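The block underneath contains the structure these notes are about, expressed in structure tokens.
The values are calculated or read from the model by the stated rules, or taken from the named source; none is laboratory data. The structure displayed is predicted, hence computed values, not measured ones. Cβ coordinates were reconstructed from backbone atoms using ideal geometry, including for glycine residues, and neighbour counts include every protein chain displayed. SASA here: full protein model, heavy atoms, side chains in, ligands and nucleic acids out. Shrake-Rupley method; radii C 1.70, N 1.55, O 1.52, S 1.80 Å.
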Amino acid sequence: MILNIIYLLKKKRMEKFKAVKELVASVENDVANFYEKGNKAAGTRLRNAMQQLKVIATDIRKEVTEKKNNQ
């Protein structure tokens, strides 16, 4: 039972990292549209994606620090 819980927690953590990768990939087109074509709506979408990345990255940082300190 405990091993299953540990496995699920590790899987959840990896899913956060996977979410970062997917978010970056999904916004790649908006980066080009904003910087190369000056599309303001793409800039708004890019800013929103960067905020989401910041939130996910902060969560991952907290988890890494917690795990490091508990070892």
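So is V20 part of a helix (DSSP H, G or I) and either modelled with pLDDT of 90 or more or open to solvent by 100 Å² or more (accessible area, probe 1.4 Å) (or both) or not?
When the stated conditions are applied, V20 does not pass them.
Could you figure out which of (1) open to solvent by less than 80 Å² (accessible area, probe 1.4 Å); (2) touching a residue at least 12 places away in the same chain (Cβ under 8 Å) isn't true of A41?
(2)
Looking at region 19-36, I want the residues that are within 15 Å of Q51 (Cα to Cα) and have a partner that is open to solvent by less than 100 Å² (accessible area, probe 1.4 Å) and hydroxyl-bearing (S, T, Y) with Cβ atoms under 9 Å, at least 6 apart or on another chain. Which pairs are those?
Close Cβ pairs (under 9 Å, with a partner that is open to solvent by less than 100 Å² (accessible area, probe 1.4 Å) and hydroxyl-bearing (S, T, Y)) amount to D30/T44.
Give me a count of the residues in region 60-71 that are within 17 Å of K18 (Cα to Cα), over 9 Å from the mean Cα position of the chain (by Cα) and open to solvent by less than 100 Å² (accessible area, probe 1.4 Å).
Going through region 60-71 one residue at a time, the tally reaches 2.
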